[in-house]
1. For a protection proxy built on the mean count of beta-carbon atoms within 10 angstrom, sort 73-82, 27-36 highest first, please.
2. In nm, give the distance between the simple-model label positions of Asn19 and Glu31, each being 7 Å from the Cα along the Cα-to-Cβ direction.
3. With a 1.4 Å probe and all protein chains in place, put Arg44, Arg38 in order of accessible area, largest first.
4. Which value in nm describes the separation of the simple spin-label points at Leu91 and Met1, placed 7 Å from the Cα toward the beta carbon?
Amino acid sequence: MHAYDEPVYLISVVAKVLNIHPQTLRQYEREGLISPSRTQGKTRLYSQKDIDRIKMILRLTRELGVNLAGVDIILRLKEQMEEMEKELEHLKEIIKEYEEGQTVPKSRAVVKKDFNTEIIIFEDKE
């Protein structure tokens, strides 16, 4: 079994599996919607992650009527949301550590307000 982001599928295989023309995949690449890996001979290789992204692009264009510019915006926003969710989870872990009695560094303060906890970060300008 291959890793989720391991590039192993040729363009012809991906096109056949998704029932699209290889030129559609090339267009998505030109538009910057996907970035398949390349071998030394410049052959495109797609991972399962790439295939899932292409499926999302196809769903947006075919089922929802979104044009490629709109797809680009949606995908970028989705990536930003995923990054923010990761950052939020990280901050929740930090808050949990502080609440469990660990010390708070001098450069930070933890403030408890009702049901919310805030981390205030101070910058030393020394």
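The values are calculated or read from the model by the stated rules, or taken from the named source; none is laboratory data. Keep in mind that this is a model prediction, so the values were computed, not measured. Don't worry about glycine lacking a Cβ; one is built from the backbone with ideal geometry, like all the others, and counts go over all protein chains shown. Surface accessibility is based on the protein's heavy atoms, side chains included, excluding ligands, DNA and RNA. Shrake-Rupley method; radii C 1.70, N 1.55, O 1.52, S 1.80 Å.
1. Sorting 73-82, 27-36 by mean packing, highest first, produces 27-36, 73-82.
2. With each label point 7 Å from Cα toward Cβ, the separation is 2.0 nm.
3. Details: Arg44 50, Arg38 110 Å².
I get Arg38, Arg44, largest accessible area first.
4. It is 3.5 nm.
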